[in-house]
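Asks: The structure under discussion is supplied below as structure tokens; questions concerning it will follow.
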């Protein structure tokens, strides 16, 4: 054995200069290190530092690389392990998780608590368009209900229907009355409207029968009854029809109309002069086409022929005057024309969607109307709705005129009037 240090495979160990390292003797190892180092085998043995000793002895012969290769070839080769074919693992490999590190929290210095803020008052806001729309609809419904109840409470009510009616007839019949009463009007109103002094509540200037057929039965029908019509008044004999209002008020007038027409009166509505002018002003005037120029100083009326807008005082004079060729017959035709124009203006979108017109209109109309005890504001609304498309208008067929002890009267055409009433039953 030579004194060259070798590894466990028998290969010489060289220093960093390519020279073989000499093996140290046991005596040198024991003299320098009295405590032997533990022998560590295998690859875990730490490499020992190479110590180069100087000597004056002549340098030994070191084998050349060819000699080293020849010597390496003469060494017995260790058997190699046969390679095993690769086999896939039965279960997926999951590397072990390292233990979670434990941290020690350092003690922190105590900080002063921040000042406590005052909680804010949060107002709930509507979320989404659906919520806003439903809220607006709810407010609108409540406003309509409140407005309707207030208007219904403002109506004037009276016992206007007869105690014993005629047999029931088809559809719904309204008795619409325009009163000559000046009660409740101030001196300024009397002077502005030209109505004269107070003559009480015993006269009617307008009598109209409104027939509303059942659903799908056609258009409503407005029938004007001249106030000088010569009819039979229950308990008073023959007289002008407006005399029944003077004798027994609305109840006797409704009973007289029922017995002479054979139509059952279901509802009653009455309006005075001042109320009519106020309603016209509330809708900002009524558009009427005047057939001919009319001048009547008693009614303070001076209008020219043609379509025009009539204010309250002018409209009142237009429906009251008889200063035309046919007198009372022309007047009832103008009254029907004016009533249709008034309802058209009251139910127009410009009025219903404008609170500055709608609220004054409701306030004036409800305080000016007198209805039966069983009538309500929604009944009046149904009348306006039924007449929105324009009703059929006509006057009771007239057979002539006569002068009796009660004055100048209008005689009905019995055959024509009978046919008219039969068509409405």
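Asks: From the list 288, 279, which one is touching a helix residue (DSSP H, G or I) at 6+ places or on another chain (Cβ under 7 Å), over 30 Å from residue 167 (Cβ atoms) and in a strand (DSSP E or B)?
Replies: Numbers: 279 fails: in a strand (DSSP E or B).
The unique qualifying residue is 288.
Asks: Test of understanding: among 366, 351, which residue is surrounded by 14 or more Cβ atoms within 10 Å (Cβ to Cβ), in contact (Cβ under 8 Å) with a residue 40 or more places away in the chain, under 35 Å from the mean Cα position of the chain (by Cα) and within 24 Å of residue 157 (Cβ to Cβ)? So that I can check it myself, show each step before the final result.
Replies: Numbers: 351 fails: within 24 Å of residue 157 (Cβ to Cβ).
Answer to the selection: 366.
Asks: Which residue, of 175, 149, 161, is assigned to a helix (DSSP H, G or I), surrounded by 10 or more Cβ atoms within 10 Å (Cβ to Cβ), at negative phi and at pLDDT 65 or above?
Replies: Details: 175 fails: assigned to a helix (DSSP H, G or I); 161 fails: assigned to a helix (DSSP H, G or I).
Result of the check over 175, 149, 161: 149.
Asks: Let me ask something else. Where residues in region 266-285 are at pLDDT below 90 and more than 34 Å from the chain's Cα centre (by Cα), which of them is surrounded by the fewest Cβ atoms within 10 Å (Cβ to Cβ)?
Replies: Applying the filter and picking the extreme gives 271.
Asks: Right, here's the next one. One residue is enough: does region 206-227 have a residue meeting the conditions in contact with a helix residue (DSSP H, G or I) (Cβ under 9 Å, 6 or more places away or on another chain), touching a residue at least 24 places away in the same chain (Cβ under 8 Å) and more than 29 Å from residue 388 (Cα to Cα)? I'd like the intermediate steps shown before the answer.
Replies: From region 206-227, those in contact with a helix residue (DSSP H, G or I) (Cβ under 9 Å, 6 or more places away or on another chain) are 206-213, 219-227; that's our starting set.
Subset that is touching a residue at least 24 places away in the same chain (Cβ under 8 Å): 206-213, 219-227.
Still in the list and also more than 29 Å from residue 388 (Cα to Cα): none.
No, there is no match, as no residue in region 206-227 is in contact with a helix residue (DSSP H, G or I) (Cβ under 9 Å, 6 or more places away or on another chain), touching a residue at least 24 places away in the same chain (Cβ under 8 Å) and more than 29 Å from residue 388 (Cα to Cα).
Asks: Regarding residue 378, is this residue exposed (fewer than 13 other Cβ atoms within 10 Å of the Cβ), farther than 18 Å from residue 282 by Cβ, touching a residue at least 40 places away in the same chain (Cβ under 8 Å) and under 48 Å from the mean Cα position of the chain (by Cα)?
Replies: Working: exposed (fewer than 13 other Cβ atoms within 10 Å of the Cβ): yes; farther than 18 Å from residue 282 by Cβ: yes; touching a residue at least 40 places away in the same chain (Cβ under 8 Å): yes; under 48 Å from the mean Cα position of the chain (by Cα): yes.
Answer is yes for this residue.
Asks: Report, by residue number, each residue of region 223-254 that is crowded, with 20+ Cβ neighbours inside 10 Å and under 47 Å from the mean Cα position of the chain (by Cα).
Replies: Within region 223-254, 223, 224, 225, 250, 253, 254 meet the criteria.
Asks: Does region 359-375 contain at least one residue that is over 27 Å from residue 140 (Cβ atoms), touching a helix residue (DSSP H, G or I) at 6+ places or on another chain (Cβ under 9 Å) and in a loop (DSSP other than H, G, I, E, B)? Outline the logic, then answer.
Replies: Keep residues of region 359-375 that are over 27 Å from residue 140 (Cβ atoms), which gives 370, 372-374.
Among the residues that remain, those that are also touching a helix residue (DSSP H, G or I) at 6+ places or on another chain (Cβ under 9 Å) are: 370, 372.
Now narrow it down to the ones that are in a loop (DSSP other than H, G, I, E, B): none.
Checked against the condition, which is being over 27 Å from residue 140 (Cβ atoms), touching a helix residue (DSSP H, G or I) at 6+ places or on another chain (Cβ under 9 Å) and in a loop (DSSP other than H, G, I, E, B), region 359-375 yields no hits at all.
Asks: Let me ask you something else. Looking at 304, 394, which is the one that is over 15 Å from residue 276 (Cα atoms), surrounded by fewer than 16 Cβ atoms within 10 Å (Cβ to Cβ), touching a residue at least 40 places away in the same chain (Cβ under 8 Å) and in contact with a strand residue (DSSP E or B) (Cβ under 8 Å, 6 or more places away or on another chain)?
Replies: On the way: 304 fails: touching a residue at least 40 places away in the same chain (Cβ under 8 Å).
Just a single option satisfies the conditions, and that option is 394.
The values are calculated or read from the model by the stated rules, or taken from the named source; none is laboratory data. Keep in mind that what you see is a predicted model, and the values were worked out from it rather than measured. Note that we place each Cβ from the backbone using ideal geometry, even for glycine, and neighbour counts take in every protein chain shown.
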